[in-house]
1. Would you please give the FRET efficiency between Lys137 and Gln19, computed as 1/(1 + (r/R0)^6) with r the Cβ-Cβ distance and R0 = 25 Å, to the nearest 0.05?
2. Averaging sequence separations of C-alpha pairs under 8 Å and six or more residues apart, then dividing by the length of the chain, give the relative contact order as a whole percent.
3. With charges only on Cβ, +1 for K and R and -1 for D and E, what is the dipole size of the chain about its Cα centre, in debye, rounded to 20?
4. Out of Ser48, Ser25, Asn70, whose Cα points farthest toward the positive end of the dipole of the chain (charges: +1 Lys, Arg; -1 Asp, Glu; placed on Cβ)?
5. Considering the dipole of region 3-148 built from charges on the beta carbon (Lys and Arg +1, Asp and Glu -1) around the Cα centre, which of Ser144, Leu129, Ser57 is farthest to its positive end?
6. Please report the projected area of region 1-76's Cα convex hull averaged over all directions, in nm².
7. Test of understanding: what is the full-extension gain from Thr128 to Asp59, defined as 0.36 nm times their sequence separation minus their Cα-Cα distance?
8. In cubic angstrom, how much convex hull volume per residue do the alpha carbon atoms of the chain span?
Amino acid sequence: MIDPEPGFRATFSEALDRQDHAGDSYIVQVDQVGDWQVLIEPNGFLLSIQEICAPLSRDGQLIAAFWNVNSLMTFMFAVNGRVLREFDPLLYAAGGDALPEEAGLPFGRHGRPRVATLALILRMTGVTLTADWLLRKPRETLVSRFQLGTLTNQ
């Protein structure tokens, strides 16, 4: 269960300084960009988990992108409570369930998987996410208490 505490305004780095995985505490930032609500997890990973993303899409669409310093990567697209597409942008295999918007993007080990992921988000949403927007803009920031053991696949 995710139980948010009262929020505060913070930049990405200020929010990152408040991150405390040891105490089952996860920082989530929220911002409106165009018609989309964007959730950002500085040094987080909860939105790379199907059991979290699927319910968050129950009344619409959710697009989640995750990568870390260990080159673990996930892209997920969920609609109305169902994950329709999930793949690793680094270990990419288009397959039969590829979204039309993936065509021609440089996914894979010899490509540029992070750039491709952001380009895919742009193709799907029309929203451009810039470094300036991500790193410098103060936004609503929540501290969520979450126990990983509450997920069925954990």
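Values in this text are rule-based calculations from the coordinates and carry no lab data. Everything numeric in this text was worked out from a predicted model, so none of it was measured. Heads up, the Cβs are rebuilt from the backbone with ideal geometry, glycines too, and the neighbour counts pull from every protein chain shown.
1. 0.90
2. Reported relative contact order: 33 percent.
3. With Lys and Arg at +1 and Asp and Glu at -1, about 360 debye.
4. The listed residue farthest towards the positive side: Asn70.
5. Value computed over the given set: Leu129.
6. With every direction weighted equally, the projected area is 6.0 nm².
7. 22.5 nm
8. Normalising the Cα hull of the chain by residue number yields 127 Å³.
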